[in-house]
Every structure is written in structure tokens, then in C-alpha cells.
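Written out below as C-alpha cells is the structure these notes cover.
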Amino acid sequence: MLVASVVLPASASGIEARWILQQLAQPAPSQTGFVELRGSALLKEPLRVEGQYRRPDTATLVREVRAPYAETTTIADGKVSIARAGKPPRVFALQRVPELGDLQASFGALLSGDLAALEQGYRLQPQGTPQHWQLVLIPRGEALAKRVAAITLRGRGNELRCIETRPAKGDLQRTLLGGAAAAAATVRDADALAALCHDGGAR
């Protein structure tokens, strides 16, 4: 994608969170492919999950897993619906799984370019240049901070290419998106996948 030609506001890091969100803003409906990688000391390579995120409207987020299994999770109207082929969907209140509510709110704020909404839940630390940037989100709320230490968004221009989620306990999880997910289609090596993630953001 083309990098927008704009004059960046001066900041210590060389780039501002507002500029990043302006580049990522997408009106609904929107969709993007993903490759999710979950590390584990027990595995020789990361557990790999592939699929697509869809945002059919501003209030709905759909996570469709296509491999290694088929599953569709829909978050809307304060409810979560999880559907698998041959089984009736499981539906429950979003408050039972607050991490999914956080996911929906974060995606919504990112794709709508809502800096104020994102800052309500996170302290933002931008870094890099328009060609290679990163935005670190550090949870403000105690409840979320107990589960997540930080979320790092990595990208270039107007493309979000990777999300790294560092839990308070456990292994780092990477989600490659868009062009990075497409490039990862035939890649299995953990270091190569990490390089795809970091290629889109400041190191």
C-alpha cells in the first residue's frame, strides 16, 4: 500500500499515535486475513491458526478460523457466538469472557481511528517512522493488566502487519495480518515468521 504523504507532528519518537490511527482507520465493512502464532516451550514450532477477521458493521467483529480447524466466533450485541460445523452454536454473555470484549473494543477503536477510545484503556507508546512503525499498548485497567502485559502493533504506512501480545504470564503470541499473513502462507520456521512480523515495525 502507498504511504500517505503527510507532515508528521514533532514528537520524541518521530511519530505520533494519532498519525498511526489515521492510517489504519477503515470504515465498515472491512476484512483481513490472519495467521496467529502461539509459542510454547513444549512445541518445536509455534501453534499456527489461520483465518480471517471481518467487521461487517461498526458493532460486530467476526473471527473465522479456517485451519487447523473450522470455527467462527461472532462478537455483537454484548454476546459471543462460537460455531463449529455439525454442532449448534454456543452463545454466552460477553462479560463472561472479558478478553473478547477487549479485543472487540480495541479493533473497533483502531479501525475507526478513535484515539480517545484507545487511550481510555491503554497507555500508548509510538515509535519509528511512517515506513516502519510500532505502537505499544499498555493496559491501564488492573483487570486487563493481570492478563496482558503489553500489546505491540507493528506496521508500515497504512498497513497493520503484526500484533504481538505479551501476556502477564506465558508465551508471546503473534498475529500476522494482511500482507504479512499472505507472505506467511508457506513459512513454517519460527525465526522467519518473527522476521515477517518485525519487518513491518520499528525494532
Next on the checklist: Less than 16 Å apart at the alpha-carbon level, and either on another chain or at least 8 residues along: which aspartates and glutamates does that give for Lys169?
Outcome noted: Glu99, Glu142
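In what sequence, highest mean first, do 184-193, 137-146, 59-68 appear when ranked by Cβ atoms within 10 angstrom? Working shown, then result.
On the way: 184-193: 12.8, 137-146: 14.3, 59-68: 15.9.
The packing order, highest mean first, is 59-68, 137-146, 184-193.
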Item to check | Gln22 paired with Ala76, simple spin-label distance in nm, labels 7 Å along Cα-to-beta-carbon | outcome: 3.3
Next on the checklist: Give me, ordered by chain and number, the residues 5 or more places off Ala184 or on other chains with an amide H under 5 Å from its own placed amide H.
Outcome noted: none
Checklist outcome for this item: the chain, Gaussian network, Cα under 10 Å: of Tyr122, Tyr69, Tyr53, the residue fluctuating most is Tyr69
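To the nearest 20 debye, what is the magnitude of the charge dipole of the chain about its Cα centre, counting +1 on the Cβ of each Lys and Arg and -1 on the Cβ of each Asp and Glu? Mind dumping the intermediate values first?
Details: 25 positive and 19 negative charges, 95 e Å.
The dipole of the chain has a size of about 460 debye.
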Next on the checklist: Less than 16 Å apart at the alpha-carbon level, and either on another chain or at least 8 residues along: which aspartates and glutamates does that give for Lys87?
Outcome noted: Glu64, Glu71
Item to check | Rounded Å value of the spacing that divides the Cα centres of the stretch 53-98 and the stretch 139-203 | outcome: 21
Item to check | Unit charges at the beta carbon, dipole of the stretch 82-203: most positive-side option, Gly155, Thr175, Leu118 | outcome: Thr175
Next on the checklist: At 37 °C and a viscosity of 0.692 mPa s, what translational diffusion coefficient does Stokes-Einstein give for the chain, taking Rh as the Kirkwood radius over Cα pairs? Give it in µm²/s as a whole number.
Outcome noted: 187
Checklist entry - When the accessible area of the stretch 112-203 is computed with all protein chains present and a 1.4 Å probe, what percentage of it is carbon and sulfur? => result 49
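Where only protein heavy atoms count, and the probe is 1.4 Å, what is the accessible area per residue for the chain in Å²?
Details: 10900 Å² over 203 residues.
Per residue, the chain has an accessible area of 54 Å².
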Checklist entry - Over the stretch 96-203, what relative contact order in percent results from Cα pairs under 8 Å that are six or more residues apart? => result 20
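Hey, what number do you get for the chain at 222 nm if only DSSP H runs of n ≥ 4 count, each worth -39500 (n - 2.57), divided across all residues, to the nearest 500?
It comes out at -6500 deg cm²/dmol, rounded to the nearest 500.
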Next on the checklist: Run the numbers for Ala93 and Lys169: contour at 0.36 nm per residue of separation, minus the present Cα-Cα distance, in nm.
Outcome noted: 24.8 nm
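By its C-alpha gyration tensor, with a ≥ b ≥ c as the square roots of the eigenvalues, how is the stretch 113-201 shaped: rounded for a/c under 1.5, else prolate for a/b larger than b/c, else oblate?
oblate
The values are calculated or read from the model by the stated rules, or taken from the named source; none is laboratory data. The structure displayed is predicted, hence computed values, not measured ones. Please note: Cβ atoms are built from the backbone with ideal geometry, for glycine as well, and neighbour counts cover all protein chains shown. In case anyone asks, the SASA skips ligands and DNA or RNA and just uses the protein heavy atoms, side chains included. Shrake-Rupley method; radii C 1.70, N 1.55, O 1.52, S 1.80 Å.
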